[in-house]
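The values are calculated or read from the model by the stated rules, or taken from the named source; none is laboratory data. As the structure is a prediction and not an experimental result, all values here were calculated from the model. Here the Cβ positions follow ideal geometry from the backbone for every residue, glycine too, while neighbour counts run over all protein chains shown. For the accessible areas, the whole protein counts, side chains as well, though only heavy atoms, and no ligand, DNA or RNA atoms are used. Shrake-Rupley method; radii C 1.70, N 1.55, O 1.52, S 1.80 Å.
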Amino acid sequence: MEIPDQLWQIFATIVGGVISALVGFSAQRISERRSKNELLMRRLEEVYAHCQDLYDEHNTRINWLLGEDSVSKASFMAGPKHPGHVMSLVKMKVRSYAPNLTSSLDEMDQGHQALKAYFLNLEEAVLKGQTLVKETDYKTDELKAHLHTLGKGANEVKLGSVAKLQRYFG
């Protein structure tokens with residue numbers, strides 16, 4: 001029995017349609033994966049930059065404070081502000097895009113929270129009218145120790161971000 005030409009055409013059309021659908025589906029999946037990888041890479045680069053920004057902003061605030069022998073309410077309020085917004089960005093992005101770095105994030109946050117509490121206590125004192133005195137009300141060693149903790153955690157988060165990024169380039 002011979003198969004009519006029309007049946008061959010129908011069969012070829014069906015096979016061609018299935019192949020086209022499979023190619024289209026595969027191309028869509030590859031495109032989605034590429035888009036997700038590009039987003040992840042961008043977010044990891046942002047985490048790295050935010051970690052550095054957070055450290056730099058805390059360091060600037062500490063250096064400003066330590067550069068003053070005494071600080072009045074007016075000068076304290078005019079000084080550098082708490083970089084809480086940067087830490088919020090780091091937390092959100094690490095928890096969303098690099099949850100394997102949360103232990104490093106926690107160490108970084110310990111330093112950040114310690115500095116936040118330290119400066120809140122100083123702010124409370126100046127709001128009561130107290131003039132702050134260096135090495136009495138704020139101590140170089142304590143501030144530097146908190147900054148060191150923050151910096152150590154930030155460096156670990158940055159290294160983890162770089163390691164995760166290298167998977168895409170290595």
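Just a few scattered comments:
- Each of Ser70, Val86, Leu40 was scored by the projection of its Cα onto the charge dipole of the stretch 16-103, and the greatest displacement toward the positive side belongs to Leu40; charges sit on the C-beta of Lys, Arg, Asp and Glu.
- Surface per residue (accessible, 1.4 Å probe) for the chain, Å²: 62
- Using C-alpha pairs under 8 Å with a sequence gap of at least 6, the mean separation divided by the residue count of the stretch 22-151 gives a relative contact order of 32 percent.
- Selected from Leu143, Ser161, Phe119, residue furthest toward positive end of dipole (the stretch 116-164; charges at beta carbon): Ser161
- Exceedance of the 26 Å cut-off in Cα-Cα distance is limited, within the set Lys81/Lys134; Lys93/Lys134; Lys81/Lys164; Lys36/Lys116; Lys116/Lys152; Lys91/Lys139, to Lys93/Lys134; Lys81/Lys164; Lys36/Lys116; Lys91/Lys139.
- Semi-axes of the equivalent ellipsoid for the stretch 103-170, Cα gyration tensor, largest first, Å: 35, 11, 8
- Most fluctuating residue given options His50, His146, His85, as computed from a GNM of the chain linking Cα atoms under 10 Å: His85
- Compactness check for the stretch 37-170: Cα Rg over 2.2 N^0.38 Å is 1.19.
- Applying the criteria of a DSSP loop state and at most 10 other Cβ atoms within 10 Å to the chymotrypsin sites (Phe, Trp or Tyr not before Pro) of the stretch 1-40 yields no site.
- Environment charge of Met108, counting only residues whose C-beta is closer than 11 Å and scoring Lys/Arg +1, Asp/Glu -1: -1
- Its Cα centre serving as origin, the stretch 21-114 has a Cβ charge dipole (Lys and Arg +1, Asp and Glu -1) of approximately 600 debye.
- Taking other residues whose beta carbon is less than 14 angstrom from the beta carbon of Ser26, and scoring Lys, Arg as +1 and Asp, Glu as -1, yields +2.
- Shown in residue order for the stretch 29-43 are the 3J(HN,Hα) couplings computed by the Karplus curve 6.51 cos²θ - 1.76 cosθ + 1.60 at θ = phi - 60°: 4, 5, 5, 4, 4, 4, 4, 5, 5, 5, 5, 4, 4, 4, 5 Hz (x for Gly and Pro).
- For the peptides 130-136, 13-19, the ranking by packing is 130-136, 13-19, with the highest mean count of neighbouring Cβ atoms within 10 Å listed first.
- Expressed as a whole percent, the accessible surface of the chain that belongs to carbon and sulfur atoms is 56, based on a 1.4 Å probe.
- Residue of Ala74, Ala98, Ala27 that the Gaussian network model of the chain assigns the largest fluctuation, springs spanning Cα pairs under 10 Å: Ala27
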